[in-house]
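First comes the structure, then the notes that go with it.
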Amino acid sequence: MGNNLGEEKKLAAEFAVDDLIKKGLIFSGMKIGLGTGSTAMPAVRRLAERIKDGTLSQIKAVATSFQTTIECEALGIPVFSMNSKEINGNLDLAIDGADEISPDKHLIKGGGAALLLEKIIAYNSKTFVIVADSSKAVDSLGIKFPLPMEIIPEARVSIIRRLEELGAKPVLREGVRKAGPVITDNGNLILDCLWQADKNGKTPFSPAEMEGRINGITGVVENGFFTCNIPIVYIAENQNKVQIR
Ligand code: 5RP
């Protein structure tokens with residue numbers, strides 16, 4: 001990651017948290033979902049700062065991954081399960097990063113292999129917010145950044161066959177500093193799926209339709225197309241400016 005992109009991530013994340021507080025969308029006593037990755041982390045840290053300086057209190061957080069849980073624990077942000085009495089299966093707002101953002105604000109997520117909890121949290125939040133650096137805006141999804149999906153290990157080969165029938169090139173994600181594949185926080189595998197662009201350089205299908213279709217393949221737990229809860233997007237234009245979409 002270039003230094004500039006790192007600064008853009010921090011800028012977008014911190015700007016978003018402060019702006020959402022100003023607009024009353026982040027407020028004391030709320031139930032908030034916290035995302036995973038290098039853009040979500042500065043948002044989590046900003047939230048902790050606003051708790052520490054007394055701007056916010058009684059925040060109830062749900063974390064999308066072990067990464068986020070560990071960060072919340074270190075920062076003293078109370079973390080609950082989605083199923084707890086305090087959260088009761090729904091959230092006021094979720095804030096997270098993205099791998100690709102299309103002009104109609106459909107997303108690809110899952111670069112950090114946390115897409116399952118990220119989607120459970122995003123789709124059960126009244127307001128969904130994305131924070132991103134400028135590299136994440138694309139014209140078409142799934143033809144540059146491969147679509148991640150979480151799968152049951154025993155179904156790997158049958159799923160790959162079905163995805164190839166849908167025109168995809170699936171690749172099993174390999175671990176870093178671990179022999180063999182990435183194992184998700186839920187004990188599953190990740191396939192990364194790339195499609196070839198059509199003759200106009202666009203995605204050769206509707207991501208909204210494909211999101212449901214992929215989940216219909218037996219053994220697929222969830223895929224990284226996020227098209228059902230359209231987010232507010234805070235995207236850095238450069239190191240000094242954030243655009244709200
Ligand atoms: C994790 C995700 C992340 O939000 C996505 O990969 C973006 O990551 P980063 O902010 O580090 O670029 O979906 O599963």
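The values are calculated or read from the model by the stated rules, or taken from the named source; none is laboratory data. Note that this is a predicted model, so its numbers are computed, not measured. All Cβ positions, glycine included, derive from the backbone under ideal geometry; neighbour counts span all protein chains shown. All accessible areas refer to the heavy atoms of the entire protein, side chains included, with ligands and DNA or RNA removed. Shrake-Rupley method; radii C 1.70, N 1.55, O 1.52, S 1.80 Å.
Name every residue in the range 186-240 that is part of a loop (DSSP other than H, G, I, E, B), touching a Pro at 6+ places or on another chain (Cβ under 6 Å) and open to solvent by 30 Å² or more (accessible area, probe 1.4 Å), in order of residue number.
Across the range 186-240, the qualifying residue is only Asp198.
Quick test of your reading of the structure: Arg173 fulfils all but one of (1) touching a Pro at 6+ places or on another chain (Cβ under 7 Å); (2) among the charged types (D, E, K, R); (3) under 26 Å from Arg46 (Cβ atoms). Name the failing condition by number.
Here Arg173 clears every test but (3).
Quick one: what pairs do we get from the range 59-76, first residue touching a residue at least 60 places away in the same chain (Cβ under 8 Å) and among the aromatic types (Phe, Trp, Tyr), second within 12 Å of the ligand (Cβ to nearest atom) and open to solvent by 60 Å² or more (accessible area, probe 1.4 Å), C-beta under 7 Å, 6+ apart or different chains?
Hits for this filter: Phe66/Asp185.
For Ile26, are the conditions met, namely being open to solvent by less than 30 Å² (accessible area, probe 1.4 Å), more than 14 Å from the ligand (Cβ to nearest atom) and within 17 Å of the chain's Cα centre (by Cα)?
When the stated conditions are applied, Ile26 does not pass them.
Determine the pairs where a residue that is in contact (Cβ under 8 Å) with a residue 60 or more places away in the chain and of a type in the set (Lys, Arg), located within the range 84-111, has a partner that is more than 16 Å from the ligand (Cβ to nearest atom) and in a loop (DSSP other than H, G, I, E, B) with Cβ atoms under 8 Å apart, the partner being 6 or more residues away or on another chain.
Short answer, once both residue conditions are applied: Lys105/Ile230; Lys105/Arg245.
If you take the residues of the range 168-185 that are part of a loop (DSSP other than H, G, I, E, B) and not small (Gly, Ala, Ser), which of them is nearest to Ala63 (Cα to Cα)? Break it down into steps so the answer makes sense when it comes.
Filtering the range 168-185 down to residues part of a loop (DSSP other than H, G, I, E, B) leaves 173, 175-180, 182-185.
Among the residues that remain, those that are also not small (Gly, Ala, Ser) are: 173, 176-178, 182-185.
Values: Arg173: 23, Val176: 23, Arg177: 24, Lys178: 24, Val182: 20, Ile183: 18, Thr184: 15, Asp185: 12 Å.
Restricting to residues being part of a loop (DSSP other than H, G, I, E, B) and not small (Gly, Ala, Ser), the top hit is Asp185.
Go through the range 29-49 and give me each residue that's part of a helix (DSSP H, G or I) and either open to solvent by less than 40 Å² (accessible area, probe 1.4 Å) or at pLDDT below 95 (or both).
Selection gives Ala40, Met41, Pro42, Ala43, Val44, Leu47, Ala48.
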